[in-house]
Amino acid sequence: MARAGTNLRTSYLESNEVLRRPYQKVLVGLILVAAVLLPGGSSDYFLHLINLCLLACIGALGLMMLTGFCGQISLGHAAFLAIGAFTTVILTVHLKLPFIVVVPAAAVTGAMIGFLVGLPSLRFRGVYLAISTLAMHYAIIFVATTYQAKFSASASAGITIPDPTIGPLKISGAPTWYYFLLVLLTFITIGCVNLVRTRPGRAWMAIRDRDIAAEALGINLTRYKLLAFMLSATLASVSGSLMAYYSNVVTVEAYTLDLAVIYVAMIIVGGMGSILGGLMGAFFITLLPYGIEHLFEFLPRAWRFGSTVFGVQVGAVGVCIILFLLLEPKGLAEIWRRTETYFDRWPFRYRPLDTTRR
Amino acid sequence: MEFVATVVILTCTYALLAAGIVILYKAGRVVNFAHGEIAIVGGYVFYSSGMMFSGGEMSPWLAVLGAIVFSVIMGAFIYATMMRRVVGEPFYVAILVTVGIAIVLKSAIIVIWRAQHLTIDVGIAPAIRLAGGATLSYMDVASVALTIAFFIALYLFFTFTRLGVQFRGTAENPLLASQRGVNVNLVLSLAWIIAVLAATLSGVLYGGRAFLSTESVTIGLAGLTAALVGGLDSLRGAVIGAFVVALAQYLTVRLIDPVLSEALPFLILLVVMSIRPWGLFGTVEELDRV
């Protein structure tokens, strides 16, 4: 049945609803129930993959806030993750601080570094900003490399981190981590959604669409650009810190430029300027290499393709970036939106309205 | 003397990369983040096509032919299938497409060449001994000569040929140029072909002096730094910038710390970006300032 309901809004409150369509509420509820029940019926390996996705989601949401909403392109996301990881190393290994202190501390450190990295955005935009974040990436990674060379037992092994504990509860093993990350990600997502539809988010979108016009509207560019950088770095830093605890090891080799590009790929594949897109992209890009690995296992004598598999895993991310940018620039979120609109209008086939819901 | 030889070769390597980046930036306002990858893949192609039919012995002519064919196909392919479509999209699309190309090329190195470390050895005669114990192989001499020839050819092309003038017109204003009958698609694909050719030459140069591997793609960032130091829209600046980066890198290795030399291009980048972001010879208005 065709309804006008989804596009007819009669009050401001109504137009600001997150879940506008009735079935969306049902869907979100179902997803949450499924998410809670998931560990019951799945293997530790599968849960491990999901945990990686959830960790990536936190970082991807950070980048989405910065690039997708504020329009500031950043190739320095891996460095932000490294900041979180190395703050964790310093605080746990040297100072023996507990988990509950370390993660907020990593967030604060991330915010400070994000402030610094964001400073060039006040002078440059576009290509020049991308290059300056790239330079920042290498500067931060250089510091981290020097630190690791000094303090780790052997240069290649990295630094080990013990399992975290909150009070009496020890977080280890895939299911415990899963619930912890699920709760955290839910809160972060709700926070991001609310941020995006209130003053900072609207300011960011105005800056993204036309910074001069935004300034003319009275938006403080300095403040909101730096805020975006700080938020992005904070989320990345938290993600990096949790990743350090989760994998129990920190090594600077993990934080390459390729990792930054992988995060960029997540938000492109998911769809610029969409929270849902950020989450979908994070899942897609995180699971992609494992999917490719499993595909190769179908080939006869799979063991012969060792390095080929690795190469294809690397290249697939690049192919995804190019294909999505050229063919589906608004990403998976747009595909999902089209599907929704199609069923909204069913059985009629009106063209979807071009009022993009962010 | 060894100092001079090393810095000159390094300057040539970076100048070629920077020239390619500058040409692409002038032609389409695209900063190519895949330039290092293109250079290294070009070096691998040069090596493989030289080795193809001659079983162990490198044939320079086949290698050169392979490199040229690679450049033409690669440049035209990148332009026709990707960069032509990103015109008019938000600025990040063009950048990120080149980043995507970079990753795909890197994976090609892993899949096709198994990421093996290769040193290109053309095998023409040993080396010339210079005063002070430095050696300069004929390949080095040839590559320096080629680089100089490349820059002279570029200068002549842009100044005296019809296509070169059309090229500059397109760089100035693509829309007006196309309205005056310039074939913009031809010009821009030519820009890509020239840039890839320069990068390939630079990759060969680098592979002859050091080695090719997936890690050596970072020369792209040195090239980008060189281009920025000189000014992103200045070919003359590319050479000067390359010299600055090469000299600084050599001196750091010698006098301070080899580890620092890897991070050095980026330190230079940060300094340049904060003091004089339009570079030594760049146009101030070119800068995408806020």
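Read-outs: derived from the displayed coordinates by stated rules, not from any lab. As the structure is a prediction and not an experimental result, all values here were calculated from the model. When we count neighbours, we look across all protein chains shown, and the Cβ atoms used for this are built from the backbone with ideal geometry, even at glycine.
Remarks
- Radius 12 Å from Cβ of A:TYR245, net charge of other residues (Lys, Arg +1; Asp, Glu -1): 0
- Placing unit charges on the Cβ atoms of the charged side chains and taking the dipole of chain A about its Cα centre, the candidate lying farthest along the positive direction among A:ILE90, A:GLY281, A:PRO22 is A:PRO22.
- Whole-Å semi-axes of the ellipsoid equivalent to the protein assembly as shown (Cα gyration tensor, √5λ, descending): 43, 30, 25
- Degrees between helix B:184-209 axis and first principal axis of chain B (Cα, 0 to 90, nearest 10): 20
- Of the trypsin sites (Lys or Arg not before Pro) found in segment A:220-326, those that fall in a DSSP loop while having at most 12 other beta-carbon atoms within 10 Å are A:ARG301.
- Computed from Cα positions, the angle between helix B:2-28 and the longest principal axis of chain B comes to roughly 20 degrees.
- Inter-label distance, nm, simple model (7 Å from Cα along the C-beta direction), B:ALA153/A:ALA213: 4.7
- Straight-line reach from A:LYS170: taking Cα to Cα under 19 Å and skipping same-chain neighbours fewer than 8 places apart, the lysines in range are A:LYS96.
- Here's the picture: charge each Lys and Arg Cβ at +1 and each Asp and Glu Cβ at -1 in the protein assembly as shown, and of A:THR341, A:LEU231, A:VAL33 the one pushed furthest to the positive end of that dipole is A:THR341.
- Span-like helix ranges in chain A, DSSP H, alpha carbon extent 24 angstrom or more, Kyte mean at least 1.6: A:44-63, A:99-118, A:174-196, A:306-327
- Pairwise alpha-carbon distances in segment A:39-115 exceed 18 Å for 54% of all pairs.
- A Gaussian network model of chain B, with springs between Cα atoms under 10 Å, assigns the largest mean-square fluctuation among B:THR11, B:THR159, B:THR170 to B:THR159.
- With both labels modelled 7 Å from their Cα along Cα-to-Cβ, the B:ARG162 to B:ASP121 distance reads 4.9 nm.
- Once the convex hull of all Cα atoms in chain A is built, its volume per residue stands at 170 Å³.
- Degrees between helix B:162-172 axis and first principal axis of chain B (Cα, 0 to 90, nearest 10): 70
- In a DSSP loop and with at most 16 other Cβ atoms within 10 Å, the chymotrypsin sites (Phe, Trp or Tyr not before Pro) in segment B:20-87 are B:PHE53.
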